[in-house]
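Working notes, structure below.
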Amino acid sequence: MEITTLMRPIYPELDEAIASGVIAQDPYSVYANMRRDTPICWSEQWGCWVVCRHADIAKILQDTRRFSSVGRVVNAMQKEYDVDEQQQVRPLINHYSQGLINADPPDHTRLRKLVQVAFVPRTLERLKPRVADIVDGLIANAKAAGQMEMIRDFSYPLPVTVIAELMGVPTEMHAQFKSWSGRIVEFMATPCPTLETTKRSQTALLELREYFKTVFAECRAKPAENLISDLVNVALDGDRLTEDELLSTCVTILIGGHETTTSLLTSAIQLLLTHPDQVPQLFENPAAAVEEFLRFEPPFQRILRTAIEPVPLHDQTIAAGDNVILLLGSANRDESVYPEADQLNLARRPSRHVSFGFGPHFCLGAALARLEVPIALQGIIQAFPGLQLRDASLVWHDGMIRCLESLHLSWD
């Protein structure tokens with residue numbers, strides 16, 4: 001009997017870009033060719049399907065019945081690692097097999113109701129004066145130094161200070177938080193990281209979890225006015241977050257609360273300096289400007305889902321159990337949705353970008369980023385007349401979050 005093998009369509013340009021590093025430095029030309037040539041393809045480099053058009057991505061993000069978030073971070077590892085290797089990283093697999101970002105409705109619905117109590121608008125609104133104070137302090141430090149490396153001196157310390165203070169983390173722990181966060185996200189750079197990378201991430205994750213456990217106990221004994229205490233003590237109709245749910249939530253908030261904003265602030269300043277004609281729009285409508293920065297250069301370039309059942313898409317069929325990468329950065333440049341999609345236009349309205357996701361998993365911390373970024377960008381532009389790039393050669397890091405490696409600035 002003849003056995004036929006299902007042939008998955010490969011798009012060589014994508015795999016070549018991944019292997020060569022081009023996907024980090026110039027993903028958008030690759031995305032444009034994919035949108036034109038193949039709306040869905042299989043990547044041998046990533047070991048999963050890749051979807052690139054806005055309409056398909058928006059539909060999949062809303063379709064929790066057929067595309068699951070459960071275990072999405074670790075599904076590829078469970079397929080690729082042997083039994084012994086899986087045991088070596090079992091704590092990390094267990095951590096990322098549950099929690100808000102790894103759940104589908106109705107579990108996700110329950111968790112989101114409990115967690116979003118701590119993100120009510122009035123709580124974030126109270127942060128505005130403190131954000132402005134931190135911005136002023138960082139600007140004063142840079143003026144005293146006479147120059148600035150944007151990430152080290154501004155884009156990192158602002159959001160990490162804000163999220164740490166929001167969570168009730170003491171100042172002396174901020175550097176340790178950054179170290180833990182950076183090491184944890186290393187394994188998320190590709191769908192199937194090496195075992196050594198995953199083990200390094202697991203070590204940092206376990207250290208962070210132990211820290212949070214101590215803080216949880218303190219908040220139960222003596223509630224305080226901070227985000228962790230709110231999460232520990234929140235109750236809706238007698239329902240509370242379990243210890244594991246608390247741990248998953250706090251790790252997610254820590255990483256998402258500053259890594260993405262660091263990237264967004266850095267790329268936004270770079271874009272303002274290379275598009276000086278757009279600066280007036282930042283002050284005329286800062287909210288619209290931030291949405292365009294998010295559309296044009298999103299920190300999260302891609303997100304993963306797993307097919308629960310066979311799903312036809314265009315002329316292909318995604319098999320049950322297959323992983324699917326959704327190219328958010330490509331969706332945001334889709335010509336069918338955005339006129340002149342490759343042009344930065346801070347006056348663009350409305351923006352239907354998917355940088356914060358779409359549907360049930362829309363980013364819980366989006367409001368926090370939208371609060372911080374306008375204050376920071378306006379403060380920098382006003383404080384430094386003649387601000388300019390000291391080095392036009394830019395190197396991008398392509399991992400879970402796309403970000404510049406550094407951005408050196410000077411001024412008149």
Does the range 40-56 contain any residue that is surrounded by fewer than 18 Cβ atoms within 10 Å (Cβ to Cβ), of a type in the set (A, V, I, L, M) and part of a helix (DSSP H, G or I)? yes
Counting just the residues of the range 172-209 that are touching a His at 6+ places or on another chain (Cβ under 9 Å) and of a type in the set (D, E, K, R), which one comes out most open to solvent (accessible area, probe 1.4 Å)? Lys178
Residues of the range 210-231 classified as part of a helix (DSSP H, G or I), among the aliphatic types (A, V, I, L, M) and open to solvent by 10 Å² or more (accessible area, probe 1.4 Å), total: 3
Filtering the range 158-171 down to residues that are touching a His at 6+ places or on another chain (Cβ under 8 Å) and open to solvent by 10 Å² or more (accessible area, probe 1.4 Å) yields Thr161
Boolean, Asn332 is over 21 Å from the mean Cα position of the chain (by Cα) and closer than 26 Å to Leu394 by Cα: no
How many residues does the range 286-311 hold that are over 19 Å from Asn332 (Cβ atoms) and either in contact (Cβ under 8 Å) with a residue 40 or more places away in the chain or crowded, with 22+ Cβ neighbours inside 10 Å (or both)? 6
With respect to Asp277, is the statement that it is farther than 26 Å from Ser97 by Cα, in a loop (DSSP other than H, G, I, E, B), open to solvent by 10 Å² or more (accessible area, probe 1.4 Å) and charged (D, E, K, R) true? no
Which residue out of Arg122, Arg35, Arg90 is exposed (fewer than 14 other Cβ atoms within 10 Å of the Cβ) and modelled with pLDDT of 90 or more? Arg90
So which residues in the range 360-412 are at pLDDT 90 or above and either in a loop (DSSP other than H, G, I, E, B) or among the aromatic types (Phe, Trp, Tyr) (or both), if there are any at all? Phe384, Pro385, Gly386, Leu387, Arg390, Leu394, Val395, Trp396, Glu405, Ser406, Leu407, Trp411
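The values are calculated or read from the model by the stated rules, or taken from the named source; none is laboratory data. All of these numbers come straight from a predicted model, not from anything done at the bench. Methodologically, a virtual Cβ is constructed for each residue, glycine included, from the backbone with ideal geometry; neighbour enumeration extends over all protein chains shown. Protein only, heavy atoms only, side chains kept; ligands, DNA and RNA dropped before computing areas. Shrake-Rupley method; radii C 1.70, N 1.55, O 1.52, S 1.80 Å.
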